[in-house]
Amino acid sequence: MTGFQAKLERFESLASECELIARRADGSKRELYLRLGERYRDRVNDMRALIASFDIAA
């Protein structure tokens, strides 16, 4: 389970970094980092659902 938790924390960190970069960027780079941050947020939600499914099964 700790592996999944570590991945979750990493995806959260990456999403936050992308959002920070997007605030400082302009034009197409802003859009790129916003989309990338959104993808990482999607992975965060996926990992949370996966972890929750293991908690229920245990």
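Identify all residues within the range 46-57 that are open to solvent by less than 70 Å² (accessible area, probe 1.4 Å) and of a type in the set (A, V, I, L, M); write none if there are none.
M47, A49, L50, I51, A52
Being open to solvent by 90 Å² or more (accessible area, probe 1.4 Å) and under 8 Å from the mean Cα position of the chain (by Cα) is the requirement here; does R43 meet it?
Answer is yes for this residue.
Step by step: first the residues of the range 3-33, then only those that are at pLDDT 95 or above, of a type in the set (A, V, I, L, M) and open to solvent by less than 80 Å² (accessible area, probe 1.4 Å), then the one that is farthest from R48 (Cα to Cα). Which residue is that?
A25
Note down all Cβ pairs under 9 Å where the first residue falls in the range 38-58 and is modelled with pLDDT under 90, the second is part of a helix (DSSP H, G or I), and they're at least six residues apart or on different chains.
L50/F4; L50/L8; I51/F4; I51/Q5; I51/L8; F54/F4
For a quick check of your reading of the model, give me the residue pairs whose first member lies in the range 1-25 and is farther than 18 Å from N45 by Cβ and in a helix (DSSP H, G or I), whose second is among the basic types (K, R) and at pLDDT 95 or above, with beta-carbon atoms closer than 6 Å and at least 6 apart or on different chains.
Pairs that qualify, where the first residue is farther than 18 Å from N45 by Cβ and in a helix (DSSP H, G or I) and the partner is among the basic types (K, R) and at pLDDT 95 or above, are A22/R30.
The values are calculated or read from the model by the stated rules, or taken from the named source; none is laboratory data. In this text, all values refer to a predicted model and were calculated from it rather than measured experimentally. Please note: Cβ atoms are built from the backbone with ideal geometry, for glycine as well, and neighbour counts cover all protein chains shown. Note: accessible area is taken over every heavy atom of the protein model, side chains too, but ligands, DNA and RNA are not part of it. Shrake-Rupley method; radii C 1.70, N 1.55, O 1.52, S 1.80 Å.
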